[in-house]
Amino acid sequence: MGVPSGTKNLRSLIILGLDYNQFTGVVPQWLGSLRTLQKLSLSTNMFIRSIPSCLLVELLGTNQFSGHIPTILENLQTLATVTISTNNLLGWVRGEIFGIPTIAQIEFSFNNLDGEIPAEVANAKQLMYFDVSSNKLSGDIPSTLGNCESLEEIELGHNSFSGSILTSLGPLKFSTFSQQLNWVHLGNLQLLEQLDLSFIHLNGEDLCGGLLELHLSPCSVVPLRSTSHKVSVVLKIVIPVAVVVSVVVAISILLFLRRKQKTKSIHLPSYGSESPRVSYSDLVRATEGFSTSKLIGKGRYDSVYQGILFQDGHVVSIEVFSLETRGALRGFIAECKALRNVRHRNLVQLFTACSCVDSNGNDFKALVYEFMPQGDLHNLLYSTGDNEDSSYLNYISLAQ
């Protein structure tokens, strides 16, 4: 089954991903008429034949394309990624593709490309990833490859390159030169973090080890330095380092002890059972993201929301402290201490507390109370009306 023809009517389409399907046949020419298309992924299908010259593509990997790399790619001056790996492409890598100013990733691995890497690779100033492994490329690795200022990862393995590994490739994060790199020189690669040289049949005059079966000559023995020199090294390096480490450890311990004294754990009042644990996400769900429709009160340092805890379905009042307001943290601590020391049957029961960080990494503190559906004390004392609830006897009963 081919690409549905109705797709050509989507004139405003920007991204089209058709990878990891079982599309067959040829890539339709009309895909090139989608002028707003910026990214097209057709990888891991069963398309055959050559790549249409009119097609603006980025990802065509793991198909059955044959022929040469399409020259139309050189005209795509905003192309950032081109991946045509695991196909049957022939010919050589054209130097013009490196002239695209925005190109950041080139992947032509697992094809049948031959020839050399063109010297024009130096023009790709934004190139970060370059993979031409598992082809039939040969010749020297061009010295201009070291001029790619943004290059972080390069894979040249499973080819037939010869010559030396450039010292200017040292800052790479990862490099693969494995398989059939005939002759290499590894001098001065002091910044290289990881290098794969497996299966390349190393040989040369500088290899040593004394293994007769590998025909390696014995390595020269570096004479031991004098005892006085060792003592000098200890005095100049080891002792100062030990002193610095000891000072850092001592300062860290002192800071930890001071912080522990200042931030003693706050014991919340117990009501005969263990307080349930709630997280920031639990309170977000309970209040529908702290929606204004759930807001039932607001003070200088805090806001009170009505919510439903999903753990047990309790309807609760959630007092969220505005820690960006000066004095709000002290108010939270003071309220916790007061709740620890005060007992009264008319006090609203505290269910639990939450002290953590929110989704933005900021400190978050909240107290969760039992929800009182009849309003607060202010409404009971000062509500208008001549009903019996506003009598002085009711005031006295509230105070008892």
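The values are calculated or read from the model by the stated rules, or taken from the named source; none is laboratory data. This one's a predicted model, so the numbers in the text were calculated from it and none came from an experiment. So basically every Cβ, Gly included, is an ideal-geometry build from the backbone, and we count neighbours across all protein chains shown.
Just one of SER150, SER133 is small (Gly, Ala, Ser), assigned to a loop (DSSP other than H, G, I, E, B), in contact (Cβ under 8 Å) with a residue 40 or more places away in the chain and buried (at least 20 other Cβ atoms within 10 Å of the Cβ); which is it?
Working: SER150 fails: buried (at least 20 other Cβ atoms within 10 Å of the Cβ).
That would be SER133, the only listed residue that is small (Gly, Ala, Ser), assigned to a loop (DSSP other than H, G, I, E, B), in contact (Cβ under 8 Å) with a residue 40 or more places away in the chain and buried (at least 20 other Cβ atoms within 10 Å of the Cβ).
Residue-wise test of (1) in a loop (DSSP other than H, G, I, E, B); (2) of a type in the set (A, V, I, L, M, F, W, C); (3) under 35 Å from the mean Cα position of the chain (by Cα).
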residue: ARG300; (1), (2), (3): yes, no, no
residue: TYR305; (1), (2), (3): no, no, yes
residue: ASP312; (1), (2), (3): yes, no, no
residue: GLU324; (1), (2), (3): yes, no, yes
residue: ILE333; (1), (2), (3): no, yes, no
residue: LYS337; (1), (2), (3): no, no, no
residue: ARG345; (1), (2), (3): yes, no, no
residue: CYS356; (1), (2), (3): no, yes, yes
residue: ASN360; (1), (2), (3): yes, no, yes
Close pairs from the stretch 322-342: first touching a residue at least 60 places away in the same chain (Cβ under 8 Å), partner among the hydrophobic types (A, V, I, L, M, F, W, C), Cβ under 6 Å, at least 6 apart: CYS336/ILE266; LEU339/LEU350
Just for the stretch 81-93: of the residues that are touching a Phe, Trp or Tyr at 6+ places or on another chain (Cβ under 8 Å) and in a loop (DSSP other than H, G, I, E, B), which one is surrounded by the most Cβ atoms within 10 Å (Cβ to Cβ)? ILE84
Per-region count, the stretch 145-163, residues closer than 19 Å to ASN111 by Cβ and aliphatic (A, V, I, L, M): 2
Criterion violated by SER275 - all others in (1) outside the structural domain of GLU335 (by TED's automatic domain parsing); (2) modelled with pLDDT of 90 or more; (3) surrounded by 13 or more Cβ atoms within 10 Å (Cβ to Cβ) satisfied: (2)
LEU235, sole failed condition from (1) over 19 Å from PHE351 (Cβ atoms); (2) at pLDDT 75 or above; (3) hydrophobic (A, V, I, L, M, F, W, C): (2)
Please verify whether LEU127 is within 15 Å of GLY95 (Cα to Cα) and assigned to a loop (DSSP other than H, G, I, E, B), treating the condition exactly as stated. yes
In the stretch 94-115, the residues that are exposed (fewer than 15 other Cβ atoms within 10 Å of the Cβ), assigned to a loop (DSSP other than H, G, I, E, B) and more than 30 Å from the chain's Cα centre (by Cα): ASN112
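Here is a yes/no grid of residues against (1) modelled with pLDDT of 55 or more; (2) assigned to a loop (DSSP other than H, G, I, E, B); (3) of a type in the set (S, T, N, Q):
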site	(1), (2), (3)
GLY139	yes, no, no
LEU145	yes, no, no
PRO171	no, yes, no
LEU181	no, yes, no
ASN188	no, yes, yes
PHE199	no, yes, no
Tally the residues that are surrounded by 13 or more Cβ atoms within 10 Å (Cβ to Cβ) and modelled with pLDDT of 85 or more, restricting the search to the stretch 334-357. 5
